[in-house]
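> Attaching a single structure in structure tokens format; questions to follow.
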Amino acid sequence: MPTLMINGQSREVNAPPEMPLLWALRDILNMTGSKYGCGVGVCGACSVLVDNQAVRSCLAPISTLVGKNITTIEGLSTDNSHPLQKAWIELDVPQCGYCQAGQIMNAAALLISIPKPTDEDIDNWMHDDVCRCGTYQRIRAAIHQAAGG
Amino acid sequence: MNSLTTLDMPKPTRRSFIIGISAVGVGMVLNSTLAGGSLLRTLQEESAQSFEPTVWVKIDPDGTVTITVAKSEMGQGIRTSLAMIVAEEMDADWSKVKVKQARPNAGNGSLGTGGSGSVSGSYNNLRRAGATVRSMMISAAAKKWSIAEANCTTKKSVVTEKNGTRQATYAELIDVAATISVPTNATLKNVANFTLIGTRQPHIDNPDIVSGKAIYGLDVRIPGMKYAVVAMPPAFGASVRTFDASDALKIPGVIKAERVPGISGVVVVADNTFAALQGREALKIEWNMGNNVSIDSSVISSRMKTSVGTVSDVPATSAIKIEAAYELPYLAHATMEPMNCVADVRTDSAEIWCPSQSGDGVLNAAAQATGLAASKITVNTTLMGGGFGRRSNTDFASYAARISLTFKMPILFMFTRADDMKNDGYRPASYHSFKGGLSADGKVTGWIQKVSPSNMGENPTYQVPSPSLTGGSLSSPVPTGAWRSVQHSSTVFVNECFMDELAIAAKADPYQFRRNLLPAGRLRDVLDQAASRAEWTKPLPPGWGRGIACTDSYAYCAHVIEVSVSDIGILKIERVVAVIDCGVAINPMGVEAQVEGACVDALSTALKSAITIEKGAVKQSTFIDFEWLRINEMPKIEVYIIPSTSSPRGVGEAGYPSVSPALCNAIYDATKKRIRSLPVQQSQLIAVDEPATELQGNVNVYPSPFSTTFRIDGKIEQPKGNELTFTIQNLLGSRMMEFTASMTPDGTFSQEIDFSHASSGVFFLSIRNGRSVIVRKVVKE
Ligand code: FES
Ligand code: FES
């Protein structure tokens with residue numbers, strides 16, 4: 001039974017080692033913030049941080065994540081105080097909101113790697129994430145705002 | 001009984017003030033202190049029987065205001081805008097407002113959310129509800145202070161004595177208010193005095209969304225719940241002949257792998273989604289393929305053409321006659337959250353949790369699937385990860401109810417992304433044949449359209465003499481349904497493009513040509529506004545074009561789009577101007593979001609995505625082959641809302657129809673190429689006036705598709721200098737990469753390109769030498 005470090009807590013996951021993290025989070029640990037959009041790595045809705053890198057949890061078997069620090073949307077802050085969460089609320093980024101946990105986690109990885117991204121940095125980093133509602137204009141503005149620019 | 005009467009009455013916590021208001025203005029108050037939790041007091045006792053509230057408002061002693069709304073949220077911001085209407089008239093403190101989702105009771109349709117009708121259809125009721133509460137709070141304060149009601153004012157859930165010092169919060173007044181008769185015709189505010197409506201308010205659910213707490217259908221977890229998927233038939237009309245589930249049942253966690261009555265596939269139920277999917281993978285199924293395997297898109301296309309047949313002529317007196325045919329593909333909804341539903345069917349009752357645009361429909365579907373009376377079924381509507389019309393259907397609720405009924409356990413049924421894309425109710429494909437006539441001085445003399453299928457046609461909104469619209473029927477196995485803006489997604493495209501063709505044939509300015517065919521009014525005003533905001537007459541750089549289109553679908557909307565098209569046919573959207581007149585804009589921030597989102601839909605479907613049929617089935621399966629715009633392809637969209645005090649109209653769909661015709665009219669302006677089918681192909685865009693000089697030689701690109709790097713080599717003829725420029729652009733013309741490399745004097749070159757940072761999809765690689773260029777398509781997996 002693999003033990004994973006999720007949002008700073010050590011969690012035993014009663015699941016086979018090949019189970020992708022997404023299903024372990026959602027179905028075994030009842031952490032439903034990370035979303036299923038495609039299951040094949042092409043939409044980004046399931047993005048989480050693994051050692052501060054954005055990872056598509058629908059593709060990552062839990063066996064490969066033992067000993068790493070996993071952060072999900074539930075662990076980004078306890079009170080919506082992360083600059084991205086604040087900007088997302090204030091600039092009214094979400095429409096249906098279903099893709100936004102993934103967008104925010106991927107943007108969090110971007111800001112860790114490039115604290116003051118340009119439009120081009122944002123394009124290069126975020127273009128794998130689908131928002132079916134088309135909130136991209138606001139995602140861009142919110143990343144800039146969260147980066148303090 | 002009716003839709004909101006009993007089930008949706010907010011649970012009476014002690015001392016809460018609860019009021020329901022019906023469409024005809026009858027109010028009902030419930031106050032647990034006075035009534036021991038059961039008193040229903042109405043203005044006229046006899047009306048209690050037929051009381052049909054459309055909204056409940058609850059005020060708790062801590063000041064929280066809970067508004068129960070009948071419409072469901074799919075991203076259109078309806079929970080926010082409906083609550084704003086009530087809170088405005090109520091003068092509630094917006095920061096203390098919470099929204100609760102109504103449950104359907106008798107399935108009478110009142111929870112149906114679609115046709116962009118939620119705000120326009122409930123505006124008056126919701127205003128009256130808010131005004132009634134405010135009036136009762138004023139009466140309560142006046143009674144408490146023994147002063148005239150006219151001496152009381154309200155603001156942010158507080159009643160204040162005019163020229164006095166006394167103040168009371170609504171929460172402090174609820175006991176007194178509960179003893180007051182419900183007024184039948186509380187005075188509504190003057191629209192000019194609105195303080196909340198018209199302000200920019202973020203979605204009320206944003207805090208839950210950005211923290212991962214928001215509950216969509218797939219997030220529902222109930223005790224003992226199992227996870228179900230279905231091995232769906234591989235073609236429309238296919239069915240299971242035999243199957244062998246022995247391997248599936250060996251997968252740890254798989255509980256059932258069986259047929260279920262009423263479901264035409266094999267159902268797999270497991271302890272978790274992963275096991276269910278693995279179990280499905282391990283099934284061995286032999287299918288009866290049914291009668292549709294010979295059907296593909298080209299068959300449907302020729303059936304549509306045959307059913308349209310010949311089109312009658314425009315009046316013989318017409319000096320100029322033109323004709324054109326347009327064809328549009330099927331489209332999937334591809335909501336970000338695939339279809340799903342949780343059902344817990346027990347012996348004599350059931351509870352359903354469903355992300356639905358039609359709570360009533362879900363109730364009916366569950367009743368039908370289970371044989372239970374509707375009164376024994378509770379339906380909870382969750383947030384929806386997108387809707388766009390797909391969730392007005394209830395197929396997924398029936399699946400869930402049947403599976404739970406059969407296996408006697410609570411289950412979450414879900415479509416995978418591919419299931420969802422291949423089992424949709426699609427925007428219909430359509431074929432439109434037009435004839436148009438003009439007099440010698442450029443006046444329209446005739447407008448004739450024949451369309452297949454017949455429900456996909458519409459006469460133009462313009463004043464043209466006796467327009468004619470006839471349709472042919474189409475036999476197709478592909479199920480269809482409502483898709484954002486329904487038939488307008490197609491009708492406005494073809495009408496606005498053909499209108500442009502007439503304008504060009506009349507040698508007229510496309511904007512002025514349209515304007516002359518519109519009576520003074522709100523549609524002409526949005527057209528004028530769009531032209532002026534976009535600086536219609538300002539000259540454009542060479543290779544650029546500008547197009548315009550407008551529509552009266554749900555609201556008045558017009559778009560002007562500027563594009564540039566390079567000499568090798570690479571299209572770039574330079575500017576999008578959108579103007580909307582939706583009457584009173586309840587929440588301008590939400591209106592802008594809808595217009596931006598609809599524009600992304602329209603550009604995605606104009607440029608990238610279509611559903612095609614192969615062997616009686618949908619070919620596409622995920623966001624790779626049914627592509628949506630990505631952030632790097634997103635043009636800046638300018639949205640202008642016309643200030644208005646008229647009754648609100650719908651905005652969820654209004655922003656879609658005029659985008660693609662404005663785009664294709666702009667492409668015509670830039671290239672003189674008329675786009676008559678979507679999505680636009682790059683090959684359609686090579687400018688007529690400036691044919692590209694093709695680079696001669698031998699160029700190889702491999703492998704294709706590639707995953708991270710690919711190689712390009714070859715030898716070009718008559719090289720100029722020793723430099724080659726490589727450019728990679730995406731489908732929308734954004735430059736992803738550009739660099740130069742050298743070649744030998746005889747033109748030989750070899751280059752490895754690392755393109756690992758890019759998303760998967762189709763890209764154009766152009767190789768230039770001097771003024772010659774060659775373009776190759778590359779596909780990244
Ligand atoms: S669900 Fe993981 S990338 Fe789409
Ligand atoms: S907000 Fe709906 S998919 Fe992004």
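> Skipping prolines and chain starts, which residues have an amide H placed within reach, meaning under 5 Å, of the one on residue B:468, given they are 5 or more residues away or on another chain?
B:447, B:448, B:449
> Tell me the net charge near residue A:45. Cut-off is 12 Å between Cβ atoms, residue A:45 excluded, with +1 for each Lys or Arg and -1 for each Asp or Glu. Walk me through the numbers on the way to the answer.
Working: positive: A:26, A:35, A:56, A:132, B:417; negative: A:128, A:129, B:337.
Within the 12 Å Cβ shell, the charges total +2.
> Still on this structure, please answer the following. Quickly estimate the mean residue ellipticity at 222 nm for chain B, helices only: each DSSP H run with n ≥ 4 gives -39500 (n - 2.57), and the total goes over all residues, rounded to 500.
-7500 deg cm²/dmol
> What does the charge dipole of chain B about its Cα centre add up to, to the nearest 20 debye, if the Cβ of each Lys and Arg holds +1 and the Cβ of each Asp and Glu holds -1?
Roughly 960 debye, rounded to the nearest 20.
> Label 7 Å along Cα→Cβ of residue B:306; region B:466-492 residues with amide nitrogen under 11 Å?
The answer is B:475, whose backbone nitrogens lie closer than 11 Å to the label point.
> Taking only protein heavy atoms and a 1.4 Å probe, what accessible area per residue, in Å², does region A:3-76 have with all protein chains in place?
Result: 36 Å² per residue.
> Let me ask something else about it. When the Kirkwood hydrodynamic radius is evaluated over all pairs of different C-alpha atoms of region B:693-780, what value in angstrom, to one decimal, is obtained? Write down the numbers at each step before the final one.
Details: mean 1/r = 0.0764 Å⁻¹.
Kirkwood hydrodynamic radius for region B:693-780: 13.1 Å.
> Which positions within region A:124-148 get 50 Å² or more of their accessible surface covered by the other protein chains, compared to the chain by itself, with a 1.4 angstrom probe?
Hits at the 50 Å² cut-off: A:127, A:130, A:132, A:136, A:137, A:138.
> For B:488, B:333, what's the largest-to-smallest order of accessible area, 1.4 Å probe?
So, going from the largest accessible area down, we get B:488, B:333.
> Still on this model: Would you mind telling me the share, in percent, of accessible area of the protein assembly as shown contributed by carbon and sulfur at probe 1.4 angstrom?
Carbon and sulfur atoms account for 49 percent of the accessible area of the protein assembly as shown.
> Another question about this same structure. Given a 1.4 angstrom probe, what's the average accessible area per residue across region B:693-780, in square angstrom?
Per residue, region B:693-780 has an accessible area of 49 Å².
> Still on this structure: Is the C-alpha gyration tensor of region B:559-659 telling us rounded, prolate or oblate? Criteria: a/c under 1.5 is rounded; beyond that, a/b larger than b/c is prolate, otherwise oblate.
oblate
> Efficiency by 1/(1 + (r/R0)^6): what FRET value for residue B:62 and residue B:532, r their Cβ-Cβ distance, R0 = 41 Å, to the nearest 0.05?
Efficiency for this residue pair is about 0.25.
> Gap in Å between the Cα centre of region A:31-89 and the Cα centre of region B:364-418?
Rounded to whole Å, the Cα centres lie 29 Å apart.
> May I pose another question? Projected onto the charge dipole of the protein assembly as shown (+1 at Lys/Arg Cβ, -1 at Asp/Glu Cβ, origin at the Cα centre), which of A:111, B:665, B:725 gives the Cα projection farthest towards the positive end?
After comparing all options, I get B:665.
> Let me ask you something else. For residue B:697, what residues show an amide H to amide H distance below 5 Å, using hydrogens built from the backbone and excluding near sequence neighbours?
The list, which skips near neighbours in sequence, is B:717.
> Say each of residue B:742 and residue B:213 gets a label point 7 Å from the Cα, pointing the same way as Cα to Cβ; how far apart are those two points in nm?
6.3 nm
> Here's something else I'd like to know. How big is the B-A contact in terms of buried accessible area, both chains counted, 1.4 Å probe, rounded to the nearest 100 Å²? Mind dumping the intermediate values first?
Details: alone 31140 and 7570 Å², together 34010 Å².
Its buried surface, counting both partners, is about 4700 Å².
> Now a separate question. Rounded to the nearest 10 Å², what accessible area does residue B:94 show when all protein chains are kept and the probe is 1.4 Å?
Result for residue B:94: roughly 50 Å² accessible.
> In addition: Leaving out ligands and nucleic acids, and using a 1.4 Å probe, what accessible area per residue does region B:156-252 come to in Å²? Let's see the in-between values first.
Working: 4540 Å² over 97 residues.
Solvent-accessible surface per residue comes out at 47 Å².
> Which order do B:358, B:475, B:677 take when ranked by solvent-accessible area (1.4 Å probe, heavy atoms of all protein chains), largest first?
B:475, B:677, B:358
> Another question about this same structure. In region B:64-100, what residues drop by 30 Å² or more of accessible area when the other protein chains are put back, versus the chain on its own? Use 1.4 Å, and skip ligands and nucleic acids.
Flagged in region B:64-100: B:75.
> Going by average Cβ neighbours within 10 Å, how do the peptides B:133-140, B:553-560 rank, with the highest at the top?
B:553-560, B:133-140
> Shifting gears a bit: Considering protein heavy atoms only and a 1.4 Å probe radius, which residues within region A:78-120 exhibit an accessible-area decrease of no less than 40 Å² in the full assembly relative to the chain by itself?
Listed in order, they are A:80, A:89, A:92, A:94, A:95, A:96, A:98.
> Label residue A:11 and residue B:285 with points 7 Å out from Cα along Cα→Cβ: what is the distance between them in nm?
About 3.2 nm separates the two model spin labels.
> What does the accessible area of residue B:258 come to, in Å² to the nearest 10, when a probe of 1.4 Å is used?
Number for this one is 70 Å².
> If you count, for every residue in B:413-422, the Cβ atoms of partner chains within 10 Å of its Cβ, what is the mean?
Across the residues of B:413-422, the mean count of other-chain Cβ atoms within 10 Å is 2.
> Peptide B:588-598: average number of partner chain Cβ atoms within 10 Å per residue? Don't skip to the answer; put the middle values down first.
On the way: counts 0, 3, 2, 0, 3, 9, 3, 1, 7, 10, 2.
Taking all residues of B:588-598 together, the mean is 4.
> Roughly how many Å² of residue B:225 are accessible to a 1.4 Å probe, to the nearest 10?
The accessible area comes out at roughly 20 Å².
> Keeping all protein chains in place and using 1.4 angstrom, which order do B:634, B:421 fall into by accessible surface area, from largest down?
B:634, B:421
> Then there's this: Based only on Cα atoms, what Rg/Rh ratio does the protein assembly as shown have, Rh being taken as Kirkwood's radius? Numbers along the way, then the final one.
On the way: Rg = 29.4 Å, Rh = 29.9 Å.
Result for the protein assembly as shown is an Rg/Rh of 0.99.
> For region A:17-63, rounded, prolate or oblate, judged on the Cα gyration tensor with a ≥ b ≥ c (square roots of eigenvalues), a/c < 1.5 rounded, else prolate if a/b > b/c?
rounded
> Using a 10 Å cut-off on Cβ to Cβ distances, tally the other chain neighbours for every residue of B:482-494 and report the average as a whole number.
Taking the mean over all residues of the peptide, I get 0.
> In what sequence, highest mean first, do B:122-130, B:637-645 appear when ranked by Cβ atoms within 10 angstrom? Write down the numbers at each step before the final one.
On the way: B:122-130: 23.4, B:637-645: 17.0.
Those peptides, ordered most packed to least, come out B:122-130, B:637-645.
> Please work out the Cα center distance from region B:552-626 to region B:442-520, rounded to the nearest Å.
Using only Cα atoms to place each centre, the spacing works out to 18 Å.
The values are calculated or read from the model by the stated rules, or taken from the named source; none is laboratory data. Quick caveat, the model's predicted, so the values are computed rather than measured. A quick note on method: Cβ atoms are made from the backbone with ideal geometry, for glycine too, and the neighbour counts reach across all protein chains shown. Protein only, heavy atoms only, side chains kept; ligands, DNA and RNA dropped before computing areas. Shrake-Rupley method; radii C 1.70, N 1.55, O 1.52, S 1.80 Å.
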